[in-house]
Structures are given as structure tokens and as C-alpha cells.
Amino acid sequence: MRDNTVCPDVAARLTWLTGRPVPVDFDGPTDLPFEPLLTEHTSQPAICRFHAMAGRFAGKIAIDDGTTRMTYEQVRGAVNRLAGSILAATPPGAPIAAILENTAAFPIVFLACLMTGRPIIPVDTSYPTERQQAILQECGAAAIILGAGLTLPAGVPESLPVLDVRLADQPETPEPTIASSIDAPAGVIYTSGSTGRPKGVAFSQRQFLASLAEYVNACHIGPHDRLLGLASLSGASVREAMAALLTGATFHISDLRQSGIGTAIRTLITARITVLAFVPSVMRSFTAIPDAAAALGSLRILDLFGEQVTAEAVASLRSVLPRSCHIRVSLGSTETMILFHWFVPLDLVPTGTGLPCGYLASNMSIAVLDEAGAPVEPNVTGEVVVRSRFIASGMWRDGAVLAGPFQQDADDPACRIFHTGDLIRLRADGLAEFAGRTDRRVKIRGLRADPNDVEAALHRIPGIADCAVVIRTSGDDTAFLAYVVASGLTSSRPIRNALREELPPHMMPAEIHLTERIPRLPNFKPDLVALARADAVHP
């Protein structure tokens, strides 16, 4: 049996960097007054904070998904009704699977599960049926909450209770007693599977609220704001939903995958969205739309996450954003939530290609190690190892939390240590630069090669709207394959000629495929598994 405790002498030899050298809102909206989320708000169940907001803003619109608009009072009533149904149908602490589309129902389900102490396991409807079935069979759910008009995937046991969410006005029900523990499992997120099989990661309310507070306090989110969720609510957009509902703001929903970019543009314009978070490659595509400046004209915060952010992407976005809009860049993972973040200074003239991913987040400690496990010097690339009480509780399997890759710190049992697989260079000024992933670094002809460097070079070529690079391994041979979305090109020859100016010979893609689009996962990261599968079918 694996020992998940880090020996004190090993931990002592690591150089832990702790603390953020600048405030969370440094170079951000420091001149905008707001009510910060304090320790007292993040050390009690989230439903307590929501009830406070619902009392203060009862008649204000809380959620608007384009079809359903609900006030804070209506949301509170719907949460109470669903919480009562959950308490009646499931034993204490039992996990609940939620099969929902990106509608007003999801934030209500999330709050009801938090209120009752039942871990929520979102099952994204955009996942293939096989993946939905695998999650439902593995997660140990005691009940299922099913969205309106949806059907259960085949193979779900008929004995499981199926609950529905009643959004329409219903008779008042007594408010159930809050039954949650802030340190118990609150939810399970199954990772995207961008490089392999998805896995369930469990988190507590304390961990989620600590990361949420960092976001709210950095961006000064409050009742004056209107946030938009474009991605799956089972992933990053749940943060936007709770950032709105726990601060008195309004949360708008526009499912980019289902409704398309046109609907998203209209929502941005008509709702006058002030805070938007999304992946940079997709946001960059917004800049080519004629209405981009009008759509983004009310933004004061644009949060870019999930991919490396290039200087070219920031320059392109600046051309259509309001001059006062702050661009926030962050790096994190399902296991750590946000680990680095910063605001790109409004007057920054970027040099080089990539931008830093930020300063270390509060409540986090890190060590940066080389391949032998020794600490590296500043400005030297190494893997990030995290030590904190506020990273995920562990892995989820069959209804229980397992340690998995998380190691317990012998000096502080509440702390866990996690090897992220992210490679960074930590600068002397405290900013970190993303340098790739350990699981994507390979050797080609005996030389180190990273597909992230090839993707960065492709993004710098004029006319390339999107790209992704996958690794092909056959026996002892390893090569890169590039998939490129490029307007006006009918041949890959100009792309290959441009790459020769930037890349060493061993990193040149063996093949460059022009494609109409890059397949993406529900969180809008490139689906590298799908691209690799396409290569296997059409070599």
C-alpha cells in the first residue's frame, strides 16, 4: 500500500516559496470600491453567504440564461425546494449526479447540494454517451438530478431516485436546515481528458471558497457587475456563477457550444457584461468579428485561463477592448484551482512571445524542482510542486475520497503536497512563466522538444486563427503533427516556411494539416485525444 505521507526530512530539504509578493488586485481595479470576501465568509457554508445576498437583493435579477430570468428571492425558493427533495431522497453525505445543460437550473442545483452536504457530481451533457455512462457507473451516486427534457443514459440503475428542478414559482416551502460541513466533500469534477482518461477530483467547500475569494477580491466583483458564463457550468463557469451569486451580482448564461458565437455577442451587448472569463484562443477569435468592440465595450475585467497567453493575443484583444479593461491571466488545474494569477499592466509593451502566468496565489506554497527532485535556481525551468490546505481533498472513486497522487505533509496533516506536472520558470520579481507540461515533453532525435513551443510559433504566423500540436509515437520514432485553422491558405507550404525561421529542425512538425476547426472539450481546451484518434484513422 502506498504511503502518502511526505517524510519530514524530505519536506525540509525542499525550498518552499510561500506568500504572494503583491496584493491580489495589484495592477487591477484598485480604484473600484467593493465588499471583499473575508475569512469569515470562506469558513462557513456557501449557502450562508447566498442567503445574506438574497436578503439584501431579493428583487434583483440573479440569473438570466436567455430564456429564464430569476430574482434572488426566486432562486432562494428554488434552492429550498430542491434541498428539501434531496434531504428526503438521500442519506447524509450521499453523492448526487447532476445531468444538466447550461441553464439557470445548474447554479440552483449546485447551491442545493452545498446546502444539504451532498457532494455534487456534474455530468456534462456535451460529453459522449460513453463518457457519461462511465462517470455515472463509477461515481457512486445515490440519486440523479435530471434537467428538463433530458433522458438518462442507458445503463443507469432504475433504483436510483431521479429528482427534477422546479424553477417556476411554486408554493413556499420551509427553509431546510443547513446540513453541510465546510471540510466534507462538496463536489467532484471529472477532468477533461484532454490527454487521456478523465479522473474524478474531490474538493471541499473550504477549498472552493478560498479560490473563489481570491478571484472576487482580485477583480473587485460586486452588485455592480454582470458576469457571463460561456463554458460548461460543470467546469470553469461554476466559479463565475458563484462569484455572482455570493456577491449580489447578476449571472448571465450563453452556451457558446450550443447557441453559437452570434448569441454570445448579442448577450454581451444587451446585458452589458462587465466580467468575462474564457480561454484565450477562443477569445482571440472574437476580435475578427465586426461587432467585437461593441460586444466587449462594457467589459472591465477579461480573465484568460486554461492556455498559455501570448503577447500577440493580448495585443489583439487590446485592439477591441475598452482602454480601461483589465486583462487577468491565470494558471491552475482541477487539482489546485488557481495557482498563479496577475493583471497585465495596462501600459505594458510585451516583449518576446509568451506572457507570465502570474504571481503565486494566496494560501499556496510551491517548490520548483528539476528532474532529479532538486530545487532549481531562479529563471531555470522546473516542475511545480504545491503544498497547501486549499488544494483538492483527493481523488474520487466509488463514492469515496482516496489520496491518489496527493501526499499528506507529515508536519501539517491538513496540508497536502501535489506534483502538478506544470513546468515554470520563476523570475526574480516573483512572476512565473509557463514552460509546458512534463507529460508533453519528449525527445526527438535525442533532443528535448515541447509541442507548446511549436503551438506558440504557429500562433505568431499571420492568418492562423487556431492550432494544436499532437505527439505521434511509433516504436522509437517520435514526431509532432500540427493541425491548423488558417484563413486564405490552401497549402501548408507557407506555414512550414515560416516555422523554419523559428524552430530548430528536430521540432519541425512531420505533418501540417489544414482543418476547418480544432475539436474542443467542454472546457474549450483542444481535444488532443480526438486529434490523435483522427491521425490514427487517417495517417
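In the condition set (1) farther than 30 Å from G140 by Cα; (2) assigned to a strand (DSSP E or B), V386 is compliant with all but (1).
Annotation note: Cβ proximity below 7 Å between a residue of the stretch 82-109 that is in contact (Cβ under 8 Å) with a residue 24 or more places away in the chain and a residue that is of a type in the set (D, E) (sequence gap 6+ or interchain) occurs for N102/D255; T103/D65; A104/D65. Somewhere in the stretch 75-96, is a residue crowded, with 22+ Cβ neighbours inside 10 Å, part of a loop (DSSP other than H, G, I, E, B) and on the phi < 0 side of the Ramachandran plot? Among the residues of the stretch 75-96, at least one is crowded, with 22+ Cβ neighbours inside 10 Å, part of a loop (DSSP other than H, G, I, E, B) and on the phi < 0 side of the Ramachandran plot, which makes the answer yes. Inclusion of R118 among residues that are of a type in the set (D, E, K, R), surrounded by 22 or more Cβ atoms within 10 Å (Cβ to Cβ) and farther than 18 Å from V216 by Cβ is warranted. When each of A89, A62 is tested for being assigned by TED's automatic domain parsing to the domain that holds A210 and in contact with a helix residue (DSSP H, G or I) (Cβ under 9 Å, 6 or more places away or on another chain), the lone residue that passes is A62. Only one entry of S281, S330 meets the criterion of being within 25 Å of S126 (Cβ to Cβ), touching a strand residue (DSSP E or B) at 6+ places or on another chain (Cβ under 7 Å) and in contact (Cβ under 8 Å) with a residue 60 or more places away in the chain, and that entry is S281. Tell me, yes or no, whether the stretch 53-72 has at least one residue that is at pLDDT 95 or above, of a type in the set (G, A, S), more than 23 Å from P161 (Cα to Cα) and in a loop (DSSP other than H, G, I, E, B). Yes, that holds for at least one residue.
Identify all residues within the stretch 351-383 that are at positive phi and either part of a loop (DSSP other than H, G, I, E, B) or touching an Asp or Glu at 6+ places or on another chain (Cβ under 9 Å) (or both); write none if there are none. Selection gives G352, N363, G373, N379.
When residues in the stretch 494-528 are screened for being farther than 20 Å from A465 by Cβ and hydroxyl-bearing (S, T, Y), 0 of them pass. The single condition from (1) closer than 24 Å to P33 by Cα; (2) in contact (Cβ under 8 Å) with a residue 40 or more places away in the chain that L304 fails is (2). Scanning the stretch 124-137 for residues that are in a helix (DSSP H, G or I) and either in contact with a Cys (Cβ under 6 Å, 6 or more places away or on another chain) or more than 26 Å from G84 (Cα to Cα) (or both) returns T129, E130, R131, Q132, Q133, A134.
Residue by residue, here is whether (1) outside any helix (DSSP H, G or I); (2) at pLDDT below 95 holds:
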| residue | (1), (2) |
| --- | --- |
| A241 | no, no |
| F251 | yes, no |
| G262 | no, yes |
| I265 | no, yes |
| M283 | no, yes |
| L299 | yes, no |
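Residue selection: A465 fails the criterion of being in the same structural domain as A311 (by TED's automatic domain parsing), in a strand (DSSP E or B) and small (G, A, S). Residue count for the stretch 214-239 under the criterion of being within 15 Å of R328 (Cβ to Cβ) and in a helix (DSSP H, G or I): the result is 7. In the stretch 166-184, of all residues being over 25 Å from the mean Cα position of the chain (by Cα) and among the aliphatic types (A, V, I, L, M), the one that is modelled with the lowest pLDDT corresponds to A168.
The residues in the stretch 10-50 that are more than 27 Å from T116 (Cβ to Cβ) and of a type in the set (V, I, T) can be counted, and the count is 6. Once the stretch 267-281 is narrowed to residues that are within 28 Å of A468 (Cα to Cα) and of a type in the set (G, A, S), the residue that is modelled with the highest pLDDT is A277. Scanning the stretch 218-254 for residues that are touching an Asp or Glu at 6+ places or on another chain (Cβ under 7 Å) and surrounded by fewer than 22 Cβ atoms within 10 Å (Cβ to Cβ) turns up just one, G222. Taking the criterion of being touching a residue at least 40 places away in the same chain (Cβ under 8 Å) and either of a type in the set (V, I, T) or over 21 Å from P29 (Cβ atoms) (or both), the residues of the stretch 343-363 that qualify are V344, T351, G352, T353, G354, N363.
For the stretch 471-480, check the following and say yes or no: at least one residue is surrounded by fewer than 20 Cβ atoms within 10 Å (Cβ to Cβ), within 22 Å of the chain's Cα centre (by Cα) and not charged (D, E, K, R). No, that holds for no residue. Has the stretch 512-526 got at least one residue that is on the phi > 0 side of the Ramachandran plot and modelled with pLDDT of 80 or more? No, the stretch 512-526 has no match at all. Residue check: G187 meets all listed conditions (1) within 19 Å of S126 (Cβ to Cβ); (2) at pLDDT below 85 but one, namely (2).
So, of the residues in the stretch 487-519 that are free of Cβ contacts under 8 Å to residues at least 24 places away in the same chain and more than 15 Å from R460 (Cβ to Cβ), which turns out to be surrounded by the most Cβ atoms within 10 Å (Cβ to Cβ)? The extreme case among them is S492.
The values are calculated or read from the model by the stated rules, or taken from the named source; none is laboratory data. All values derive from a computational prediction rather than experimental measurement. Note that we place each Cβ from the backbone using ideal geometry, even for glycine, and neighbour counts take in every protein chain shown.
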